[in-house]
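Accompanying notes for the structure given below.
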Amino acid sequence: MSEVLLVDDPAPHVRRLTLNRPDKRNALNNELRGAIFSALEDADRDDAVRLTILRGAGKCFSAGYDLGADNSKGQPYHTSGGDGNWSRHVTEGWFHVWDLQKPVIAQVHGYCLAGGSELATSCDLVYVADDAQIGYPPVRLMSPPDMQFHPWMVGMRNAMELMLTGDAISGEEAVRMGFANRCFPEAELEAGVLAMAERVAKIPSDLQQLNKRSVHRAMEIMGMRAALRAGTEIQTLGFHTRSTREYLKSFAEGVTKALDKRDSQFGDYRTDKPGKR
């Protein structure tokens, strides 16, 4: 397996994947995304595995897509080209996780931002640490989300506030809004996730696939899949706005500098000063 993804089996019938780019806050480049999909597919084919856990090494789950990489090159699976290729591409990938036979758990601590929040959303269960920061800051100066899950996961009013501010929510808020199942103190997160994973893994996969699909089909009948796919076109329009075109020019001075300039007026994410709020 690639060095960007670690694989272990921490309990009977449980596979665990650890995003292993801690120096990059587990930013999702094409190599890491490809490794995730490959490992999830291996687990789905393995009769000894009934459930997979996804977590991040280091200080966070994932800070989002790797904006310093050329993500148009080496994409791990084919998606129709042309304008909007990227948003269609990543949304297809998250639906690939959604459609797996076996349940997937997201174990979230620290940053879970932008594409990282999309990865967590594609999982069947989400357990978070109380230190989690879950948000979509690109709405501030880039575009709406590639995968516009917010109305489905947190309701219209919460979704609207998150989309109009780009603010992050805590682990406790994520549970209250419906994005996550349960919240744990960070030191207790791993044990809590493993306990739930072992509980879910008691049910055979041939039955469990029907249990999870029954929930997915209900969401799809209400239009979730069609709405998320339609959202990729709205995201694409964002890159044609004057504000976004001007903002993207600042990336030539460095991605980190551009992101800090975006967030400094809000005083959050990496520009947050301890004790300021």
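Please treat every number below as a calculation from the coordinates, not as lab data. Here the structure is a predicted model, which is why all the values come from computation and not from measurement. Please note: Cβ atoms are built from the backbone with ideal geometry, for glycine as well, and neighbour counts cover all protein chains shown.
Do you know which residues across the range 138-153 are buried (at least 22 other Cβ atoms within 10 Å of the Cβ) and assigned to a helix (DSSP H, G or I)?
P138, H150
Here's a check for you: in the range 242-254, which residue that is more than 21 Å from H89 (Cα to Cα) and among the polar types (S, T, N, Q) is surrounded by the fewest Cβ atoms within 10 Å (Cβ to Cβ)?
Applying the filter and picking the extreme gives S243.
Is it fair to say D9 is over 17 Å from Y111 (Cβ atoms), assigned to a loop (DSSP other than H, G, I, E, B) and among the acidic types (D, E)?
Answer is no for this residue.
Counting only residues that are assigned to a loop (DSSP other than H, G, I, E, B) and over 21 Å from A69 (Cα atoms), which one in the range 241-266 is nearest to the chain's Cα centre (by Cα)?
F266
Out of the residues in the range 7-19 meeting the condition of being within 18 Å of Q208 (Cβ to Cβ) and of a type outside the set (D, E, K, R), tell me which one is surrounded by the fewest Cβ atoms within 10 Å (Cβ to Cβ).
The qualifying residue surrounded by the fewest Cβ atoms within 10 Å (Cβ to Cβ) is P12.
Among the candidates R45, R50, R15, which residue alone is without any contact (Cβ under 8 Å) to a residue 12 or more places away in the chain and more than 17 Å from G116 (Cβ to Cβ)?
R45
Out of all the residues in the range 207-240, which are assigned to a loop (DSSP other than H, G, I, E, B) and either acidic (D, E) or free of Cβ contacts under 8 Å to residues at least 60 places away in the same chain (or both)?
Those that are assigned to a loop (DSSP other than H, G, I, E, B) and either acidic (D, E) or free of Cβ contacts under 8 Å to residues at least 60 places away in the same chain (or both): M222, G223, H240.
Which of (1) closer than 30 Å to D47 by Cα; (2) of a type in the set (A, V, I, L, M, F, W, C); (3) under 20 Å from the mean Cα position of the chain (by Cα) is the odd one out, the single condition F184 does not satisfy?
Failing condition for F184: (1).
Residue check: is L162 surrounded by 13 or more Cβ atoms within 10 Å (Cβ to Cβ), over 20 Å from A43 (Cβ atoms) and free of Cβ contacts under 8 Å to residues at least 60 places away in the same chain?
yes
What's the number of the condition A226 fails, among (1) in contact with a helix residue (DSSP H, G or I) (Cβ under 9 Å, 6 or more places away or on another chain); (2) surrounded by 13 or more Cβ atoms within 10 Å (Cβ to Cβ)?
Single failed check for A226: (2).
Would you confirm whether any residue within the range 103-114 is within 12 Å of the chain's Cα centre (by Cα) and on the phi > 0 side of the Ramachandran plot?
yes
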